[in-house]
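Below is one structure; the comments refer to it alone.
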Protein chains: 2
Amino acid sequence: MIPRTLNDYISVDCVIFGYNDNELQVLLVERTLTNESTKEIEFTDLTLTGNHIYEDETIEDAAYRVLFDRTGLDNVYLEQFKAFAHPDRLKKDKDRKWLIHDGRDPDKRIISIGFFSLISTRDIIVESKCGIAKWIPLSEIGELAFDHNQIVDEALKALRNKIKHEPIGFELLPEKFTLTELQNVYEVVLGTELDKRNFRKKIGRMKYLIPLDEKQKGVAHKPARLYMFSRDVYEKTKKEMFDFTV
Amino acid sequence: MIPRTLNDYISVDCVIFGYNDNELQVLLVERTLTNESTKEIEFTDLTLTGNHIYEDETIEDAAYRVLFDRTGLDNVYLEQFKAFAHPDRLKKDKDRKWLIHDGRDPDKRIISIGFFSLISTRDIIVESKCGIAKWIPLSEIGELAFDHNQIVDEALKALRNKIKHEPIGFELLPEKFTLTELQNVYEVVLGTELDKRNFRKKIGRMKYLIPLDEKQKGVAHKPARLYMFSRDVYEKTKKEMFDFTV
DNA sequence: ACAAAAGTGTTGCATTTACACCCATGT
DNA sequence: ACATGGGTGTAAATGCAACACTTTTGT
């Protein structure tokens, strides 16, 4: 295999969203800078999962690669949402030190293409070869590396926008899920409360949400029916809409 | 003034949409490659308006700059919609020749950030210092330079998507417009027919479309009332919606 | 007077909203 | 038997889809 060369000015960053403990969470990676001589830790903080692209690789492939290396998952929802290229995006003090420590040129302008991904948190192994990854609830994200706070904000905006008009909420759940779980996903992502009966009526009209002959198990109450999403049916029945909001 | 240096691997391309002759059009620029020695024209084709960014410039500023240099317009609708970075995007034969002729490295990987812009075609001066720009109806676009056909396609998708949920159709019209003009814009962009009475009923509910005490002039029929869009009222009255399509 | 586009209302149907109680299961 | 969440229906208000004729102006 020919060794591939990394491009040093185009990178991708993935905002990996998961739904857990009734919250929307983001998968972040620890970044620790250790002083070479004293061996003391200078700082520890968190970054998005990201990497530079290979010269012969598309940005989509690079994003899938990052996602796979980090989570072991394939075939998950991934979408490009915005480019980040501010001239000062890597210019904070910590970030310059980090880049220098990493043998990189802190003055080289690096553009990063932001992707967001939705995964079912049940699937994921957080332990991986490349550093410790953690699920952090959106509400508890502190100051991240580089411009990653901004990237997360924009990803959330993109997610909210998209989930309102396309059926992607399912991607945050296991293949089989209950309607209450689905409703919770929408409530958490959109930050609104929804009426149970009305939500279910709406769902009822969507032919691509397939009720299964299967129920929840091991719950201390009436077990809920399980559903799954059929992309096939969705593609065949979707209509174009025309709103332009109030 | 300090001479600014151009970054040689990040560029922006603007898909400038205009509405004219009842069609959606794109502003394109002629590209002609002349053989240095024989002075013969090797080929002529069309490109989007675009340019590399300056090292101290944001991509948004670069896009506004391109737009201004080309149209003389300021304060127009402009939106980043996608990054284009395929490794082969500049590798067609014509494109390599062009880059070489232009003194650039045809093997350098260049990423381009796509923006789309909506302008009222009445405003624009197509003549400008940097080459001849032309309005080309979407339906008549042939093979463009680089990956610009793909960029146009994606821009159109982004526009259609956005115009369905946000009030941006007005941007393609003069400040004061009639309801029939507005309906035509929506019909042309979305490629559907709309019912006049239902369209006007819907409009009636949108408080941000302000009817003026002014009418069309110089038309050979009953003159229509003019309207204008109030972004103020829009921002104050907009509601968030929750659909997730059939 | 004619041509050309502006402007306007009704009806039947689908969707939204608001709202409260019984049911099935595990402990 | 009790706690927990699952599951269901109705009425009123609003929005949508389909449809045709009169009005105003310039020529």
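Some notes on this structure:
- Flag if residue B:55 is modelled with pLDDT under 95, surrounded by fewer than 15 Cβ atoms within 10 Å (Cβ to Cβ) and not hydroxyl-bearing (Ser, Thr, Tyr): no
- So residue A:219, is it open to solvent by less than 60 Å² (accessible area, probe 1.4 Å) and more than 8 Å from DNA strand D (Cβ to nearest atom): no
- Residue match in the stretch A:84-91 (condition: closer than 24 Å to residue A:157 by Cβ and part of a strand (DSSP E or B)): yes
- Residue in the stretch B:148-163 that is within 16 Å of DNA strand C (Cβ to nearest atom) and in contact with a helix residue (DSSP H, G or I) (Cβ under 9 Å, 6 or more places away or on another chain) present: no
- The stretch A:168-203, residues that are part of a loop (DSSP other than H, G, I, E, B), over 16 Å from the mean Cα position of the chain (by Cα) and more than 14 Å from DNA strand C (Cβ to nearest atom): A:175, A:176, A:191
- Those residues of the stretch B:204-216 which are among the basic types (Lys, Arg) and within 12 Å of DNA strand C (Cβ to nearest atom), in sequence order: B:215
- Residues located in the stretch A:220-246, provided they are in a loop (DSSP other than H, G, I, E, B) and modelled with pLDDT of 90 or more: A:220, A:221, A:222, A:223, A:224, A:230
- Residue check, residue B:177 open to solvent by less than 80 Å² (accessible area, probe 1.4 Å) and either within 14 Å of another protein chain (Cβ to nearest Cβ) or touching a Gly at 6+ places or on another chain (Cβ under 6 Å) (or both): no
- Scanning the stretch A:146-154 finds one or more residues that are of a type outside the set (Gly, Ala, Ser) and not in a helix (DSSP H, G or I).
- Restricting the stretch B:153-174 to residues that are open to solvent by less than 10 Å² (accessible area, probe 1.4 Å) and over 16 Å from residue A:243 (Cβ atoms), the residue that is farthest from DNA strand D (Cβ to nearest atom): B:155
- Here the stretch B:106-122 is the region considered, the condition is being free of Cβ contacts under 8 Å to residues at least 60 places away in the same chain and in a loop (DSSP other than H, G, I, E, B), and the residue that is farthest from the other protein chains (Cβ to nearest Cβ) is B:106.
- Selected residue (criterion: surrounded by the most Cβ atoms within 10 Å (Cβ to Cβ)) from residues of the stretch A:222-241 that are more than 15 Å from DNA strand C (Cβ to nearest atom) and without any contact (Cβ under 8 Å) to a residue 40 or more places away in the chain: A:230
- The single condition among (1) within 14 Å of chain B (Cβ to nearest Cβ); (2) open to solvent by 20 Å² or more (accessible area, probe 1.4 Å) that residue A:94 does not satisfy is (1).
- Within the stretch A:195-216, tally of residues that are within 11 Å of another protein chain (Cβ to nearest Cβ), away from DNA strand D (no atom under 12 Å from the Cβ) and of a type in the set (A, V, I, L, M): 2
The values are calculated or read from the model by the stated rules, or taken from the named source; none is laboratory data. It should be emphasised that the depicted structure is a prediction, and the values quoted were computed from it without experimental measurement. Cβ sites come from the backbone with ideal geometry, for glycine too, and all protein chains shown count toward neighbours. Note: areas computed on protein heavy atoms with side chains; ligands, DNA, RNA excluded. Shrake-Rupley method; radii C 1.70, N 1.55, O 1.52, S 1.80 Å.
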